[in-house]
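First up is the structure itself, then whatever we jot down about it.
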Amino acid sequence: MQEVYLDYNGSAPLDPRVAEAMGRQMTGAAGNASSSHRFGLRQMAAVDEAREQVGALVGAAPSGVVFCSGATEANNLALLGLAEAAPAGRNRIVISAVEHASVRATAQWLHEQGKAKADTVGVTPGGFVDLDELDALLGPDVLAVSVMAANSETGVLNPVAQAAERARVAGAVLHCDATQMVGRLPFDMAATGADLVSLSGHKMCGPTGVGALVGTRPALGRLRPVVHGGGHERGLRSGSLNVAGIVGLGAAAAICADERDAEAARVAGLRDRLVSGLRAALDEVSENGDTTRRLPNTASIRFAGADAEAVVCNMDPVAASVGSACHSGAIEPSPVLLAMGLAREAAFETVRFSLGRFTTKAEVDAAIPRTVTAVRYVRSMDGSGGW
Ligand code: PMP
């Protein structure tokens, strides 16, 4: 059987058109983008074009785009950068319970260092940030609120505009990790009212290792750099620019802007075909999270009575992922699913399928029976989860 890749939320494959743009840049251009000779200027012109492409994708001014190594770094820059320059009396950061580890761990680190107090706002059973709880947590001492646009595990879309409005009233900065949503659904910074937005190349069929923090002028003005040096990227992220990566990110953004809507409809059709195929063949299949407001490419599926890790191993060469992670030798269930109120057992029985640009109907039709066989096999083993 041929390989089927259904883990786009982990990392989406590089679009060959992006690879071509990067290849041209890597082989055809020399020079440091900061140099004032013609070679440097040509590199900077390529960076500036990418800045426009990325800004356009999220409805931001090109000057608001700060290139960096990915969404992990963008999330760190947003929270650490704000905390370092916090005005007196504003020392609290509120994050949602379903944020990516790069937001959760950064907030926790700030808390442990005594640099900011971190509070967590819970989510509803559907996976949405609980706005009533957010209201209760907000106050004049809140520096920043961090709410992701779309969850990587469930695809559930948060009410970012409502959270941003609440943050604005409280005088706090709204940071939105939009890594999974940008390029897949329309995301407009001005319309949502987000002040700082993180995004990453490899979730939108661009290169891994490059991303951006995009901000409004006042929000960027409230940041201190995390990486110090030559003062690149408005002084917020020093280091010689990764021009080929940045060109790749720009090309990926431009393709998403052109093709996003048609792609979303096609991919949602395939995702729904996958889910109905699995439901038709198996009992006790349920989906986690509100399925009416989520990314078009994601399904978080619980196969009751089947350990997800064992299912995923037995599905090979079909690739999907589990939300559990190994911490200090112990396997822990997904904190996202636990925050939504799932029992540990249900979380351990959940597989995430995420599709994308290059997924075909034939692949989905091949993945269904492979998954069904794997679930039946794992369920047929004893209660040890199939191992
Ligand atoms: N935020 C979210 C929501 C993500 O899904 C990811 C990637 N899994 C990241 C941040 C980190 O992105 P990067 O790999 O670019 O550091």
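The values are calculated or read from the model by the stated rules, or taken from the named source; none is laboratory data. Treat the numbers as computed from the prediction; the structure is a model and nothing was measured. All Cβ positions, glycine included, derive from the backbone under ideal geometry; neighbour counts span all protein chains shown.
Residues that are modelled with pLDDT of 95 or more and away from the ligand (no atom under 16 Å from the Cβ), at least 3 per element: which strands (runs of 3 or more DSSP E) completely within the range 63-140 meet that?
Here the list reads 92-96, 117-121.
Within the range 141-154, take every residue that is crowded, with 24+ Cβ neighbours inside 10 Å and part of a strand (DSSP E or B) and give me the one that is nearest to the ligand (Cβ to nearest atom).
Ala150
Would you pick out the residues in the range 160-195 that are within 14 Å of the ligand (Cβ to nearest atom) and of a type in the set (Val, Ile, Thr)?
Result: Val160, Thr179, Val182.
For the structure I just gave you, tell me whether Val47 is within 16 Å of the ligand (Cβ to nearest atom) and under 18 Å from Gly248 (Cα atoms).
Criteria not met by Val47.
Where residues in the range 165-191 are crowded, with 23+ Cβ neighbours inside 10 Å and without any contact (Cβ under 8 Å) to a residue 40 or more places away in the chain, which of them is farthest from Thr106 (Cα to Cα)?
Ala167
Which residue pairs have Cβ atoms closer than 7 Å, lie 6 or more positions apart in sequence or on different chains, and pair a first residue in the range 334-357 that is crowded, with 24+ Cβ neighbours inside 10 Å with a second residue that is of a type in the set (D, E, K, R) and in a helix (DSSP H, G or I)?
Leu355/Arg271
A quick yes/no check of all residues on (1) among the aliphatic types (A, V, I, L, M); (2) in contact (Cβ under 8 Å) with a residue 24 or more places away in the chain; (3) closer than 16 Å to Val160 by Cα:
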position: Val94; (1), (2), (3): yes, yes, yes
position: Glu99; (1), (2), (3): no, yes, yes
position: Gly114; (1), (2), (3): no, no, no
position: Val121; (1), (2), (3): yes, yes, yes
position: Gly127; (1), (2), (3): no, yes, yes
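To keep it simple, each residue is scored yes or no on (1) over 22 Å from the mean Cα position of the chain (by Cα); (2) within 16 Å of the ligand (Cβ to nearest atom); (3) within 28 Å of Asp15 (Cα to Cα).
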position: Val197; (1), (2), (3): no, yes, yes
position: Lys203; (1), (2), (3): no, yes, yes
position: Pro207; (1), (2), (3): no, yes, yes
position: Gly215; (1), (2), (3): no, no, yes
position: Ala219; (1), (2), (3): no, no, no
position: His228; (1), (2), (3): yes, no, no
position: Gly231; (1), (2), (3): yes, no, no
position: Arg237; (1), (2), (3): no, yes, yes
position: Asn242; (1), (2), (3): no, yes, yes
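Can you tell me which condition Asn314 does not meet? The list is (1) exposed (fewer than 13 other Cβ atoms within 10 Å of the Cβ); (2) among the polar types (S, T, N, Q); (3) more than 25 Å from His202 (Cα to Cα), and all the others hold.
(1)
If you scan the range 148-199, which residues turn out to be among the hydrophobic types (A, V, I, L, M, F, W, C) and in contact with a Pro (Cβ under 8 Å, 6 or more places away or on another chain)?
Ala170, Leu185, listed by residue number.
Determine whether the range 5-21 contains at least one residue that is in a loop (DSSP other than H, G, I, E, B), more than 16 Å from the ligand (Cβ to nearest atom) and farther than 21 Å from Thr216 by Cβ. Let's see the steps before the verdict.
Looking only at the range 5-21, we keep the residues that are in a loop (DSSP other than H, G, I, E, B), and these are 6, 8-15.
This time we only want the ones that are more than 16 Å from the ligand (Cβ to nearest atom), so: 15.
This time we only want the ones that are farther than 21 Å from Thr216 by Cβ, so: 15.
Yes, because at least one residue in the range 5-21 is in a loop (DSSP other than H, G, I, E, B), more than 16 Å from the ligand (Cβ to nearest atom) and farther than 21 Å from Thr216 by Cβ.
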